[in-house]
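Before any comments, here is the structure.
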Amino acid sequence: MLTHGVDQIRSVVATLESDIANGPIVPTVTPHEIRSYLGSRYDFTKPMALDDVTADVERMMRRWQVQVTHPRYFGLFNPSVTLASVIADTLVAMYNPQLATWRTSPAANEIERHTLAWLAGKFGLPAGTAASFTTGGAEANLSAVIVALTRAFPGYGEDGLRSLSASPAIYLTREAHDSFNKVAHMTGIGRRALRTVATGRDLKMDLEDLARRVAEDRRNGLAPVMVIGTAGTTAAGAIDPLRDLARFCRLEKLWFHVDAAWGGAAILSPRLRGHLAGIDAADSITCDAHKWFSVPMGAGMFFCRHPDAVAETFRAQTSYMPGKTAGPFVDPYTTSVQWSRRFIGLKLFLALAEHGESGYVEMIEHQARMGDLLRESIARAGWRIVNNTPLPLVCFTRDGLATGRFLAELYERQIAWMSEVRLGAGAPVVRACITSFRTNPSDIEWVVREMGRLVAEESEVNA
Ligand SMILES: Cc1ncc(COP(=O)(O)O)c(C=O)c1O
């Protein structure tokens, strides 16, 4: 049983954490270097010792990847991971449960159901909310759009888009996640069905513009279906006015989806949850466990307050699957995009059970405090902050900064991993997001000091 190995995994993970924290963050490697290495060692003609291969792969992962669990990885939201979630993924790989049907994996299905129901309650969704683990936020967003279309157009499932008398329209801002562009293509509605609503200077959806666009589209014969509010935009951490959007959608009979892939975890925090007010009125919600819940990829979640619409959307029945189980159960292959299903939810369940809600609140609020510290330190050091969010994400610049060159230097000197982003139609700026519960004040002070040194050296060279 793995129980006997927990201490060993704990010790391996602790050593790795410290090695990563004291090592480089950004690799310098070319595709050619990796390909010739693989080509020279792995032609698969002869068996190799598993110990040797494991050691070799681990060496490659240590040398040839951005270390997203490094405390100075201030990147796109790839978190450091809890020990419990690593153990959970090991257990899942060992037992390989199949969650397509309830009957095949009753324990796993009920563990997922229990975990999802707990989080649905935190969001303020009603009992009986349909929920499933997904591979990530993109799949959850896809689920939302398919279910919304199925509910809005009863013919969509059988006869597809050609049965619709008007073209569907979905409203979001430029700051919404780009997965919706793929979703628009995949669902057949086309990218032009995405109607871009203006944002204010704070990058939040402008309600007046939304109302104007919906009215205009109706006049022009389109069929407005859905509004997507983002709770924590990827680029800048902006939170759309969820309560107002919910009210508008209710009045206009539109589906209200909240993409809280990253920001959703803030619902646990007494300090932050007020910023998500209105999320309880959503028709559907995307929230990723593999972002701010700090578990390994891929673990997204999809919640929908209309279980009937979900069941209608994903219904399936074949003789080769075990028959439907009688009783208050669902077979996940009939209520979600996936068919065969990995036991995705165990990593969230185990981590929640180990840390408890209070442990999670502490982790999330620690990161929010580190975000505040980063923001204050950067501003004090003379940088200009260009975003405004309660979440731990800082976008900044300074006059004359060549963002690309600055980031290249940052990587070269292994100071930190940050990225470049454009907010609205603005010029590129630097984006730094606290994604690790291990980031400490000393990391932040050091990074801001080193950034200052870098800029000073650059201006000396240019002088
Ligand atoms: C707001 C938002 N929605 C959706 C996604 C897509 O999530 P995933 O990468 O888990 O598919 C992201 C990813 O960063 C995101 O930030």
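The values are calculated or read from the model by the stated rules, or taken from the named source; none is laboratory data. Since the model is a prediction, treat every value here as computed from it, not as a measurement. Here Cβ is always computed from backbone atoms with ideal geometry, including for glycine, and neighbour counts include all displayed protein chains. With ligands, DNA and RNA removed, areas are computed over all heavy atoms of the protein, side chains included. Shrake-Rupley method; radii C 1.70, N 1.55, O 1.52, S 1.80 Å.
Screening Gln338, Gln317 for residues that are more than 16 Å from the ligand (Cβ to nearest atom), under 24 Å from Gly128 (Cβ atoms) and of a type outside the set (Lys, Arg) leaves exactly one candidate, Gln317. Taking region 292-310 as the range and being open to solvent by 10 Å² or more (accessible area, probe 1.4 Å) and near the ligand (Cβ under 10 Å from one of its atoms) as the test, the residues that pass are Met297, Gly298. For first residues located in region 300-311 and part of a helix (DSSP H, G or I), partners that are not hydroxyl-bearing (Ser, Thr, Tyr) and lie 6+ apart or on another chain with Cβ distances below 7 Å form the pairs Pro307/Gly128; Pro307/Ala130; Ala309/Val147; Ala309/Arg151; Val310/Ala130; Val310/Val147; Val310/Cys304. Selection within region 325-339: residues that are farther than 20 Å from Ser284 by Cβ and touching a residue at least 60 places away in the same chain (Cβ under 8 Å). The member of this set that is farthest from the chain's Cα centre (by Cα) is Thr325.
The single condition from (1) closer than 16 Å to Ile285 by Cβ; (2) in a helix (DSSP H, G or I); (3) within 16 Å of the ligand (Cβ to nearest atom); (4) not charged (D, E, K, R) that Leu116 fails is (3). Looking at this structure, is Ala289 within 16 Å of the ligand (Cβ to nearest atom), crowded, with 18+ Cβ neighbours inside 10 Å and not charged (D, E, K, R)? So Ala289 fits the description; yes.
Within region 134-173, the set of residues being basic (Lys, Arg) and either within 16 Å of the ligand (Cβ to nearest atom) or without any contact (Cβ under 8 Å) to a residue 40 or more places away in the chain (or both) comprises just one member, Arg162.
Within region 192-221, the set of residues being touching a residue at least 60 places away in the same chain (Cβ under 8 Å) and either in contact with a helix residue (DSSP H, G or I) (Cβ under 9 Å, 6 or more places away or on another chain) or acidic (Asp, Glu) (or both) comprises Thr199, Asp202. Confirm whether Ile279 is within 16 Å of the ligand (Cβ to nearest atom), in contact (Cβ under 8 Å) with a residue 40 or more places away in the chain and open to solvent by 10 Å² or more (accessible area, probe 1.4 Å). No; evaluated as a whole, the condition is false for this residue. Restricting attention to region 174-206 and to residues that are open to solvent by 30 Å² or more (accessible area, probe 1.4 Å) and within 21 Å of the chain's Cα centre (by Cα), the residue that is farthest from the ligand (Cβ to nearest atom) turns out to be His185. Here are Ile170, Ile189: which of them is more than 21 Å from Asp240 (Cα to Cα) and either in contact with a helix residue (DSSP H, G or I) (Cβ under 7 Å, 6 or more places away or on another chain) or part of a loop (DSSP other than H, G, I, E, B) (or both)? Among Ile170, Ile189, only Ile189 is more than 21 Å from Asp240 (Cα to Cα) and either in contact with a helix residue (DSSP H, G or I) (Cβ under 7 Å, 6 or more places away or on another chain) or part of a loop (DSSP other than H, G, I, E, B) (or both). Scanning region 438-463 for residues that are crowded, with 23+ Cβ neighbours inside 10 Å and within 11 Å of Pro71 (Cα to Cα) yields Thr439, Ile444. In the set (1) more than 30 Å from Leu410 (Cβ to Cβ); (2) within 16 Å of the ligand (Cβ to nearest atom), Tyr73 fails one condition alone, (1). Checking each residue in region 349-363 for being touching a residue at least 40 places away in the same chain (Cβ under 8 Å), under 13 Å from Trp292 (Cα atoms) and out of contact with any Phe, Trp or Tyr (no Cβ under 6 Å at 6 or more places or on another chain) picks out Ala351, Leu352, Tyr360, Val361. Each residue in region 252-269 was checked for being open to solvent by less than 10 Å² (accessible area, probe 1.4 Å), under 15 Å from Asp280 (Cα atoms) and either among the basic types (Lys, Arg) or more than 16 Å from the ligand (Cβ to nearest atom) (or both), and 1 of them qualify.
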